[in-house]
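The values are calculated or read from the model by the stated rules, or taken from the named source; none is laboratory data. Predicted model, so just to flag it, every value in this text is computed and none were measured. Cβ coordinates were reconstructed from backbone atoms using ideal geometry, including for glycine residues, and neighbour counts include every protein chain displayed. To get the accessible areas, we keep the full protein, side chains included, count just its heavy atoms, and leave off ligands, DNA and RNA. Shrake-Rupley method; radii C 1.70, N 1.55, O 1.52, S 1.80 Å.
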Amino acid sequence: MTYCSTPGKVIIFGEHAVLYGEPAIAVAINRRFHCDITESNRDITTVNGYPLARRYHSYIVECLNKLEVEDELEIKTETELASGTGMGSSAAITVAILGALRKLLGEDLSEETIAKDAFSVEFDVQGNASPIDTSTSTHGKAIMVSEKKEKNFLWKIEREGRIWNIHHRDIPDLTFVVGNTGVHSPTPPLVEKVRKFYERSNFAKEIIDDIGEIVEESYILLKEDDLEGLGELMDKNHGLLSILGVSHPKLESLVKGARKYSYGAKLTGAGGGGSMIALTDRPEEVAKEIKKRGGKPYILKSTERGISYEGKDHD
Ligand code: PMV
């Protein structure tokens, strides 16, 4: 039997702008996806006792195809990551399944190989994806993605003429509250909306540049553990994302409420609904405020721990 677990992630700076060559930063969180894989003595592959089916297990099917696994397997999964909350649940599933399969097959377990395969699986299932989620789930800690190669470079990912350089970033221990609006908001239409604005307007281009500058500034503050400075940058980043048109009245309400007890707050991920994130040392109060405003709160901490093959007791 092989066991593998992986963390979810939150994007703290740079979403959307990252699609125009600006950097973005994501942090691994202390909520994980767990899986156990054994060779099966039945003639079908099962997931939690049910027959494997592309309709329900699209990421797992694609992982098995990627590694050309033909044997029947018994796959058990358990997740602490609610899907559709901006916490990177599909990336965590993909990375953990690939890790457990490679371990079972006795193959190379380098982070780079797993992160690259996981990106390719996510891309194939979703039709598009940036590698930020899968690389963070593999490496843990914090990841910076950019077009340029910079200090603390980990690996390069290329697809359809696009290049992402993945870098390690040092971070202090951070406490966040994610507030999910409950408004379902798929990423592609929002990416498209920003693209139209960007193509027509120099103003939109300036906003994207400004977001890039915020991300660059955040590296120094992360290193110095300057939570107040980081909170201010989160507020600014949120303002710029709102101007780009990717906020939502429910996001605005949760962000406003959370700021009363936080260093700063912003939407996280694609926006248009989805989730916001607050950086705070008063997580219970933020969570209460988010609940009061109709959102679903998740108190999270940053984690060093990326992909792991040790038992669940270690997670
Ligand atoms: O909603 P999420 O967590 O998948 O984040 C989307 C982030 C974007 O920058 C809007 C798109 C991307 O692929 O980077």
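Rounded to the nearest 500, what is the 222 nm mean residue ellipticity of the chain from helices alone, with -39500 (n - 2.57) per DSSP H run of 4+ residues and division by all residues?
Helices in the chain give a 222 nm mean residue ellipticity of -13000 deg cm²/dmol.
Kirkwood Rh over Cα pairs of the stretch 188-235 into Stokes-Einstein at 37 °C, 0.692 mPa s: D in µm²/s? Before the final figure, lay out the partial values.
Details: Rh = 12.1 Å.
It comes out at roughly 270 µm²/s.
Starting from the exponent 0.38 and prefactor 2.2 Å, build the expected Rg for the stretch 2-172 from its residue count and divide its actual Cα Rg by it.
Its radius of gyration relative to the 2.2 N^0.38 Å reference: 1.02.
In whole angstrom, how far apart do the alpha carbon centroids of the stretch 263-310 and the stretch 174-212 sit?
For the stretch 263-310 versus the stretch 174-212, the Cα centre distance is 18 Å.
In vacuo Debye scattering of the chain, one point per C-alpha: log10 I(q)/I(0) at q = 0.13, 0.15 Å⁻¹?
-0.90, -1.17
Could you tell me, in Å, what Rg and Dmax come out for the Cα atoms of the stretch 228-315?
Every Cα atom of the stretch 228-315 included, Rg and Dmax give 14.5, 45 Å.
If packing is taken as the mean number of other Cβ atoms within 10 Å per residue, what is the order of 27-40, 146-159, 8-21, highest first?
Highest to lowest by the protection proxy: 8-21, 27-40, 146-159.
Taking the Cα centre of each part, how many Å lie between the stretch 40-81 and the stretch 84-113?
13
Once neighbouring chains are kept in place and the probe is 1.4 Å, which whole percent of the accessible area of the chain is contributed by carbon and sulfur? All intermediate terms of the calculation are to be shown ahead of the outcome.
On the way: 6520 of 14040 Å².
Of all accessible area on the chain, carbon and sulfur atoms account for 46 percent.
Run a plain Debye calculation on the stretch 175-301 (Cα atoms as equal point scatterers, no solvent) and give log10 I(q)/I(0) at q = 0.11, 0.13, 0.15, 0.17 Å⁻¹, rounded to two decimals, same order as the q list.
Results for the stretch 175-301 at q = 0.11, 0.13, 0.15, 0.17 Å⁻¹ read -0.37, -0.51, -0.68, -0.85.
Over the Cα atoms of the stretch 122-215, what is the Rg over Rh ratio if Rh follows Kirkwood?
Values: Rg = 15.4 Å, Rh = 15.8 Å.
My calculation puts Rg/Rh at 0.98.
Compute the accessible area per residue over the stretch 163-209, keeping the other protein chains in place, probe 1.4 Å, unit Å². Intermediate values should be presented prior to the final figure.
Details: 2470 Å² over 47 residues.
About 52 Å² of surface per residue is accessible.
Collect residues whose amide H, placed 1.01 Å from N in the peptide plane, falls under 5 Å from the amide H of Glu304; neighbours closer than 5 in sequence don't count.
Amide H to amide H, under 5 Å and 5 or more residues apart or across chains, Glu304 pairs with Lys141.
Quick check for you: with a 1.4 Å probe and neighbouring chains kept, what is the accessible area per residue of the stretch 52-121, in Å²?
Counting only protein heavy atoms, the per-residue value for the stretch 52-121 is 44 Å².
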